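What follows is one structure encoded as structure tokens, with my remarks underneath.
The values are calculated or read from the model by the stated rules, or taken from the named source; none is laboratory data. The shown structure was predicted, so the numbers you read here are calculated from the model rather than taken from an experiment. Note that each Cβ is placed from the backbone with ideal geometry, even for glycine, and that neighbours are counted across all protein chains shown. Each accessible area value is taken on the protein alone, full model and side chains, heavy atoms only, with ligands, DNA and RNA left out. Shrake-Rupley method; radii C 1.70, N 1.55, O 1.52, S 1.80 Å.
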Amino acid sequence: MRSIRRWLLGWLIFGLAAAALAAGAGIFHSAKHEASELFDYELRVVAISLPSNLATAGAGHSGGQAFGNIGDERIVIGIWDDAGQLVYRSSSAPALSRYPEGLRTVEHAEHHWRVFGVQQPGRFVQVAQPIDVREDLALRLALRTLWPLGVLIPPTIALVLFAVARGLAPIGRLSRALATRSIDSLQPLQLDGRDVPVEIRPLVEAVNDLLHRLNVALQAQRTFVADAAHELRSPLTALKLQLQGAVRDGTLKGDAATIERVEGRLNRIIHLVHQLLTLAREDAQQSAPMKPVSVRRLCEQTVGDFSLLAEVKSIDLGLVVSRDGAAADDDACMALAEPHSLGVLLSNLVDNAIRYTPPGGRVDVILSHDRDQLTLEVADTGPGIPESERGRVLDRFYRGEHAGGQGSGLGLAIVARIAGRHHATLSLGNVSPQGGLSVKLSGLRAVEPVTTT
């Protein structure tokens, strides 16, 4: 995968390194050339500035302290008289031949020398210098010229890294804003206009336009489902009442089993429409205000509402409340939640448990208060759900291959939707290897009860 950051850093650092090397090479050669000219000038100055009485010294005499360092290893001096006899030569210096007047580079004893000769009245002066000494001095001089460039490179690279990171920061903020968004959040991106570069603004506008069109499409879908469910609920309820009335007054005659199947399927359709309406309402409600709610009271109300249905099937429906592992009869179990949605969640769980639990079974609503969290569990003695199907039962309209009862395949989907809005964790498991389903909602934020004086 291509990275803009790596691409920018690679090319900028490579370009900076190439430019620095080219500049360094140019500066080095320029400094070396200027140093060479300076040393050539030094040879001329030494040759012209030699005192006239130096020629009276014997060959091999170095000239004494009066001449300073003109006879050191950097410079070799040779003087010939008009007769061509060598009258002076630097001590411990190789015997260089006399070369014509002027400046030149010669080879002697496998070493290269830079030689300057000048004809003066009564003598010929020749001054020479080893090339390697000149190059060593020129190199040191060039390096002294280059060290500011070497010192400048690391801060420049650091500046490039900072500039690239700062320049790409808006993209990072945009990515984090999208990554941390809820799956149901379709509001436009609200980024500070001063922090959004001109180059990224078209992308932000395009994303906002896409979110707007997606929101319109989803809203149209929710509206259609809600309207259809609402319009179907009333005539279906009326049809059920008419069917029951016709059976009672004898105007509808037929096989009792057939009429019972018709009524059962009609009840299933009514239940499906009710679930569709609930799901559409939950989908349309993007975010509801959370407030302290007594989960215990909701559980007691739900158990009371379904007690008659459980009694018809001879199912033992009960509520168990515990705090830190011990029974708690006086704990209100307050949680920060949305009351209506949490009530719908409880109703769907209890309704599913009763539907799939055979007659004579048991359904327990277990509410536990552990420190700052509440856990809500509905366990039954029904057939349970095979482990291979637990990942799909939360999908809409999915029913397992061996599922009985008259479910619509929407109950657990509604529960998962509400759990996600409460940032709670929903988990499914069997009560025992023999069967029984346990649906556990954990992570509800517990709050202290509000006392009034």
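So the values come out like this:
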| read-out | value |
| --- | --- |
| For region 364-371, 3J(HN,Hα) per residue [Karplus equation, 6.51 cos²θ - 1.76 cosθ + 1.60, θ = phi - 60°, Hz, x = Gly/Pro] | 10, 9, 10, 10, 10, 10, 10, 6 |
| Protection proxy ranking, peptides 124-131, 355-362, average beta carbon neighbours within 10 Å, highest first | 124-131, 355-362 |
| For region 5-58, radius of gyration divided by Kirkwood radius, i.e. Rg to Rh on alpha-carbons | 1.54 |
| Accessible surface, 1.4 Å probe, highest first, among residues 108, 422 | 108, 422 |
| Under-5 Å amide H pairs with residue 410, H placed in peptide plane, nonlocal only | 397 |
| Using θ = phi - 60° and Karplus 6.51 cos²θ - 1.76 cosθ + 1.60, couplings along region 350-357 (whole Hz; Gly, Pro as x) | 5, 4, 4, 4, 5, 5, 9, 8 |
| Residue 373 versus residue 223: modelled label distance in nm, points set 7 Å from Cα along the beta carbon direction | 4.1 |
| Estimated vicinal HN-Hα couplings, Hz - region 437-444 in sequence order (Karplus 6.51, -1.76, 1.60; Gly, Pro = x) | 10, 10, 10, 10, 10, 10, x, 5 |
| Length released on extending from residue 256 to residue 181, taking residue separation times 0.36 nm less the Cα-Cα span | 21.5 nm |
| In region 74-117, the GluC sites (Glu not before Pro) that fall in loop regions by DSSP, at most 14 other Cβ within 10 Å | 101, 110 |
| For residue 323, residues with placed amide H under 5 Å, excluding near neighbours | 328, 369 |
| Residue-level accessible surface for residue 260, protein heavy atoms, 1.4 Å, Å² | 130 |
